[in-house]
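What follows is a short report on a single structure.
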């Protein structure tokens, strides 16, 4: 075991050091990370959902600077149009386009896929970053709880419908959350009832489903690289709006959005370990276990995994042939 491995284990043990900016700064130094500005993404096309704020904005800014053809997928037409103009002006990158879509609305997802397929013959990276945490329960027109629709069902459908554009050894990346460590894998309880609803718990349940599906995709589509990651504790507008008490307590230790997005950009840009592995879960450019407790590990059975896939496929109206 190297010195860097020992240091990482020490940092990883307490959540405060691992998820905060302390962990980011220590790991970046001891592992000698290649800086993001050293990558050249000209000739590659990256599609990212939820790019208008927080982690998505930080990642989109990096992709524009690195020369990637960039497809910005967002709900707010005027906001995403302004972002495209800003990124083009700031980077000189003219290969930036926009698509308007609500990831929780399946007809909207299908329409977005049609637009992307009509403009591009190939996608090198698809990033599922759009997310939301609601303190009150909401549902989509089809009845799906909105957090689950946005984080699980919509991305599943978009991935499936775009597979023809996603080249061999291209990447599908999912921005998850360390909050998923707190909840077990469940299908029957994935959508919380009105009586039991808690926004943070519903968010964590959806994120647990995300990382499980990320491990299952390579079993069905092995030619594509699927990875999920979590950003640690990052100071984003979403955290400020949905978790104000948490932000107040740990504020000095929160990562910047750029620090939180680093591993996402690295997974999209680096041709080493991200291509040599598949279906993995990452924090700070290292593979992590998706479980920290025996309780969640016991919940993650093969039978429940297959039930989850079948449930999501049924809700999405799509499955691998």
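Mean residue ellipticity at 222 nm, helices only, the chain: -14000 deg cm²/dmol; runs of at least 4 DSSP H residues each add -39,500 (n - 2.57), and the sum is divided by the number of residues. For the pair the stretch 63-87 and the stretch 117-162, the centres of their Cα atoms are 18 angstrom apart.
Taking the average, over residues, of other Cβ atoms within 10 Å as the packing measure, peptides 210-222, 29-41 rank 210-222, 29-41 from highest down. Highest mean packing comes first when the peptides 176-189, 259-272 are listed by Cβ atoms within 10 Å, giving 259-272, 176-189. Labels on offer are [x] 15.9; [y] 19.0; [z] 20.7, and the one holding mean projected area of the Cα convex hull in nm² computed from this structure is [x]. Taking the DSSP beta bridges with both ends in the chain, the antiparallel portion is around 15 percent. Cα centroids of the stretch 1-31 and the stretch 251-291: how far apart, whole angstrom? Cα centres, the stretch 1-31 to the stretch 251-291: 13 Å.
Sorted on the mean count of surrounding Cβ atoms within 10 Å across their residues, most packed first, peptides 299-306, 7-14 read 7-14, 299-306.
Read the figures in this text as sums done on the coordinates, not as results from a lab. All figures in this text were calculated on a predicted structure; none of them were measured in a lab. For neighbour counting, all protein chains shown are included, and Cβ atoms are generated from backbone atoms with ideal geometry for every residue, glycine included.
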